[in-house]
Structures are given as C-alpha cells and as structure tokens.
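Enquirer: Here it is, the structure, as structure tokens.
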Amino acid sequence: MRPRDSVDHSFVMLEGCPIGLSDAPHPRAAGLRPTISDELNDTRTPAQRRLLIRAALGAIGFDWLCYWRMNCVGGTVTRAWCVRDYAAPGWPERYIERRYLEVDPRIAFACRYESPLAWDLDTLAQPSSETGDDTAARKPGRPDERLARLLGDAREAGLRSGITFSLVSPRSGQQSVLSFSSASLSRHWISDHIVGQAYALGLTLHEYLIDHVAPLVATGSQPAGKPITAVQERILDALTRGFSDRQIAESLRMSTHNVDYHLRLLKKRFGAANRVHLAYLAGQRELR
C-alpha cells in the first residue's frame with residue numbers, strides 16, 4: 001500500500017551499529033490489543049497523526065514515543081530508522097549522532113525479548129543484578145562512560161522512565177522497537193494496566209506504519225543502474241550455501257582474489273555490513 005502523504009522527512013537513519021545483547025535484562029508480562037486504529041486510519045496528514053498519538057500518550061501518562069525499525073544480523077544492528085514525529089524534539093538526532101544505540105540496554109533487551117520492559121534511569125545505571133540479568137557483566141571503560149552520557153542526556157531531555165518493547169515486521173523481516181518515556185523519575189508508577197495500554201498504542205502505530213510507511217524503508221532493494229553480473233549471482237548463491245572464498249573460487253574457476261573483489265563490490269552495492277549480512281540478504285532473496 002502506498003503512503004497517503006509524504007513521510008520520508010519523518011525518518012532519521014543510523015548504519016552499522018554493534019549492540020551488547022548480554023546487557024539485556026529479563027522480560028516482563030505482555031499487554032493488550034490496540035483500540036485506536038480506526039482513528040489513526042482516519043488521519044490524513046502528519047500533523048493530525050502527531051496530535052492523535054500525543055493525546056493518546058498523555059492519556060496513559062507518557063510524554064514521548066520513539067519508534068525504531070531495525071535490521072539485525074547477529075549482534076549487529078546494520079541499519080536503523082527512527083520516526084521522529086512522536087519523539088522529544090531533537091532527541092533522535094542526538095541519539096543517532098552519539099551512537100547511543102550501541103550502549104543502550106533497552107535496545108539490547110528489545111532485540112532479545114518480545115515482552116515489554118519498564119525502566120527508569122536509575123535502574124538502567126545499576127549493575128546487571130539490578131536489571132534482572134545474572135549473566136550480564138558491564139565492560140569497563142568507554143561503554144560505561146557512554147552509557148552515563150546517554151542517561152545524562154535522557155535526564156536533561158525529560159526521558160526519565162518508561163516502557164520499551166519490540167515487535168516483528170513480518171513482511172520485511174525487520175524488527176521494530178518502541179520506547180515510551182515520561183518525565184517521572186521512577187518506574188514504579190508503571191502498573192500492569194499502563195503496560196497494557198502502552199502495548200496497545202504501540203501495536204496500533206506499528207501496524208499502521210507497516211501498511212503506510214514500509215515502502216520507504218524497505219531493506220536490501222537493489223540500487224538503480226546496471227544489474228549485478230552472472231558471476232556475482234553465482235557468488236551470492238554459493239555464499240548462501242556457506243561456501244568459503246576458496247570453495248567459491250574453485251567452483252567458479254577463478255582466483256580467491258577475484259572472489260574477494262566481487263564480494264567487496266557486492267557489500268558496497270547493497271550496504272551489507274559484512275559477509276554474514278550479505279549472505280543473509282542473499283538468502284532472503286532481497287538482492288535479486
């Protein structure tokens with residue numbers, strides 16, 4: 001389905017972002033089904049959607065909502081888009097510029113679990129035992145410093161407690177992460193009823209964006225211009241079967257240097273972060 005109005009200005013993008021999945025806390029209970037989908041479908045402009053979503057957020061005690069759509073391969077977010085229309089002014093740009101996605105334990109949680117996480121800044125700043133993950137161990141040095149900067153910036157922006165959870169985008173294979181936030185200092189105001197309401201609103205927006213916005217953020221689409229060669233097609237097929245560079249070279253009767261050259265061209269052409277990501281895209285038939 002084509003979007004009914006221009007929404008490309010609503011997105012900011014980040015590429016090539018490793019995340020620490022071991023820093024994810026354990027999940028909480030899931031919530032309810034959406035209730036405002038008809039009202040959202042009746043909107044015709046971004047301004048109308050902003051008013052509707054902001055009103056729905058305020059009704060359940062939240063101020064802002066960040067909606068992320070991500071491509072995840074292993075422990076790496078290879079691309080991420082954020083819808084900034086419902087986020088605190090300037091926050092998505094600052095978050096992406098400083099690459100906070102790499103150290104944010106909420107994102108690590110959302111990439112591992114499907115259930116909502118209630119959080120506040122004090123909890124996120126605590127060692128792993130405080131977040132319920134007995135296996136997590138924070139690394140010394142720069143990651144902790146960047147996490148401290150993230151929490152300081154979030155406090156300054158009024159993003160002090162909230163709920164974060166992920167939803168799958170079945171038609172694209174992408175993962176969506178929604179993070180609701182409030183100026184309240186503690187997460188203890190977030191009851192199971194609030195979790196359910198946030199989940200309902202988030203699922204409504206998620207389903208709307210899948211229908212109306214997904215074409216703008218499709219992954220792995222082949223760039224316009226000259227198509228890939230027959231040799232590159234055969235290299236991609238071999239890559240999806242798990243062949244090494246040497247095995248590909250032997251099967252195609254070429255040198256390993258030529259195989260490496262073609263793989264570098266293919267990774268650059270399709271924005272693949274590494275060999276594994278390229279194989280994933282080829283296996284999903286997204287490069288054809």
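Throughout, read-outs are computed from the coordinates displayed, never taken from laboratory work. Here the structure is a predicted model, which is why all the values come from computation and not from measurement. Cβ placement follows ideal geometry from the backbone for every residue including glycine, while neighbour counts extend to all protein chains displayed.
Enquirer: Hey, can you rank 118-125, 144-151, 104-111 by average C-beta count inside 10 Å, highest first?
Expert: Descending packing order for the listed peptides: 104-111, 118-125, 144-151.
Enquirer: Hey, got the Cα dimensions of region 74-120 along the principal axes, in Å, largest first?
Expert: Largest first, region 74-120 extends 28, 25, 17 Å along its Cα principal axes.
Enquirer: Tell me, Kirkwood radius of region 230-283 from alpha-carbon pair distances, in Å?
Expert: Computed over region 230-283, the radius equals 10.8 Å.
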